[in-house]
Each structure stands twice: as C-alpha cells, then as structure tokens.
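Beneath this line is the structure, given in structure tokens, with notes to follow.
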Amino acid sequence: MYTRKQPRRNASALRLIGKLVALFRKEAGLTQEQLAEILGIGVETLASVEQGRRTLKVDYAEAMDEVLDTKGALAMAVQNMPEIDMIPAWAEQYMDMEQEAIALSFYENHVLPGLLQTPGYARALFRARVPFMSEERTEAEITARIERQQLLHRSEPTPVAFIFSEAVLMDRLGGSETFRTMLRHLRSSTELPGVTIQVMPLGTHGHAGLDGPFVLLETPLHQRLAYTETQRGSQLIGDADEVGILERKYAMLRTQALNQDETRRLLDRLLGE
C-alpha cells in the first residue's frame, strides 16, 4: 500500500527542468519520439515533462543523463527542486501512472470522473471547493484536467471503463447550459473507441459500490493497482489482496449498472432526443 505524502514541486522549477531536458535532447540530436523510445516511456509523458506539466522522476532523470551525456545534471536538478508545502499534490503519482496505464476502470458516486468532465463542469466543481481557490489556480487546474483526457483520443486508445451513479446526472452543476453541454459530451464519449460508460440507476436495492469511489489500473508491466481519494488525501494501493477485492467489486458493478446501450438511451432521454 502506498500513501502520497510528498508536497507539490514548485511549478517554476518544473518548467526550468523541462526546458533543460528539451535543450539537452536537441543538443544530442534526438527527437522526442527517439528519446522516448530509448527510455521506454510514452512520447506524451516526455512532452509533458518538457512543457513543465509533469515531474521528472529521479530514475528517468538518471537515465536521461546517461543517454544525453549530461554528467548527472538532470538528476541533480530534480533532487534539489524547491517544494511548496502548502499545495499538496495528492494525486501526482497516480496521474503519472494513469497516462502510462494499459487499462483503466473508474467508479464514481458523486461527480463525473475527471476524464469525462467538460471545462464548464470542472469549473463548477473547483469553484465549489472549500477553501476557495483563486481564478488563476482554478483555470490552471481545469487546463491540466482537460489535458489528461487526451488519453481517450489516442490513435491506439487505452481501454477505459466508467461507471457512475445516476445521481451525478441529476445535479445541475454550473447551471442548465453547463449541464446540457456535459450531457452532450457524455453522449459523444460513449462512441469513442475503447471507452465504455455505464450508469448505475437510482432506486436500486443495493450495489457493490456503496463504500465509495475508486479507480483500477493496469501498468505496462501488468501490475494491477487501485487508487482511492478522500476529502484530504489519496491512496495508491498495490496489495494484491486489496486490489483483488476492488476488482471483484467492479466486476459486480458492471453487471448491476445499465449497459452501454441502455446508458446511451438514458442520455438521449435527458437530452430530449
């Protein structure tokens, strides 16, 4: 079991390290695709590092130093990045794994999973947070959330399954227009290759998700992990027995929720189509 306790790295330092990676890569005469292949990581991951949107892990920094012959400069920079204790990044480790996963399964009972949110819906969520967030930080969080959704639109899409409560569709977060935009987005998302969306209908006598939301993921090395969030923290779970329990829960949820076609018909009814 893993618990995220590290504070978020300083954003300015992330951008600086990203620019160094890009500079050293270009000096070595390598494209992003070539360096990513040598390192065994996704091109999207390397691009995010170079753009300062993702933390460069120490092991990857050390590998880059060796490949690019940079005398340990990147590893030294990563190990001495300034930190901001007051802005915890509960989900940073999970976010990295999400982008590299070969399969993902989400269950939510209060809000849409982040990978399905529209900018307006995400804005309504962030504006409802306590303590309140500045507009600048809210917009930055929205941008990061929408960028994560690119994994649903890859040329070789990652298989992603979503199950969420019908109660999510009853809230009008952000107002009527935001609500309808969200419904239209959900409906079109049901047609994406590799994406399965199921709604758990209201009025059921019981289902396997009553203990709360969770995420299942499978890594490129076929390790199965789970991820859960609470009000003030998050947890990445690697224990095989614990993950197995959540996998059984998810298998049961898939039989209890509306199937993909039934979910499409529900969304069509809500849209009046």
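The values are calculated or read from the model by the stated rules, or taken from the named source; none is laboratory data. Given the structure is predicted, the values throughout are model-derived calculations rather than measurements. A quick note on method: Cβ atoms are made from the backbone with ideal geometry, for glycine too, and the neighbour counts reach across all protein chains shown. SASA here: full protein model, heavy atoms, side chains in, ligands and nucleic acids out. Shrake-Rupley method; radii C 1.70, N 1.55, O 1.52, S 1.80 Å.
Observations, loosely collected:
- Residues of the range 1-43 satisfying the condition of being modelled with pLDDT under 90 and in contact with a Leu (Cβ under 6 Å, 6 or more places away or on another chain): Y2
- Counting only residues that are within 20 Å of Q198 (Cα to Cα), touching a Leu at 6+ places or on another chain (Cβ under 8 Å) and not in a helix (DSSP H, G or I), the range 113-131 holds 1 of them.
- The residue list R232, R254 contains one member that is open to solvent by 70 Å² or more (accessible area, probe 1.4 Å) and at pLDDT 95 or above, which is R254.
- Of all residues in the range 190-239, those being part of a strand (DSSP E or B), free of Cβ contacts under 8 Å to residues at least 24 places away in the same chain and either over 23 Å from Q99 (Cα atoms) or hydrophobic (A, V, I, L, M, F, W, C) (or both) number 1.
- From the options R264, R224, residue that is closer than 22 Å to L104 by Cβ, open to solvent by less than 70 Å² (accessible area, probe 1.4 Å) and of a type outside the set (F, W, Y): R264
- Neighbours by Cβ (under 6 Å, 6+ apart or cross-chain): first from the range 123-137, within 20 Å of T181 (Cβ to Cβ) and in contact (Cβ under 8 Å) with a residue 12 or more places away in the chain; second in a loop (DSSP other than H, G, I, E, B) and open to solvent by less than 70 Å² (accessible area, probe 1.4 Å): A124/L173; A124/G174; F126/M133
- Within the range 134-166, the set of residues being more than 25 Å from L192 (Cβ to Cβ) and open to solvent by less than 30 Å² (accessible area, probe 1.4 Å) comprises T138 only.
- Every residue from the range 33-66 that is over 26 Å from I142 (Cα atoms) and in contact with a helix residue (DSSP H, G or I) (Cβ under 6 Å, 6 or more places away or on another chain): E33, L35, A36, I38, L39, V58, A61, E62, A63, M64, D65
- Residue match in the range 108-131 (condition: closer than 30 Å to I17 by Cβ, modelled with pLDDT under 90 and open to solvent by less than 50 Å² (accessible area, probe 1.4 Å)): no
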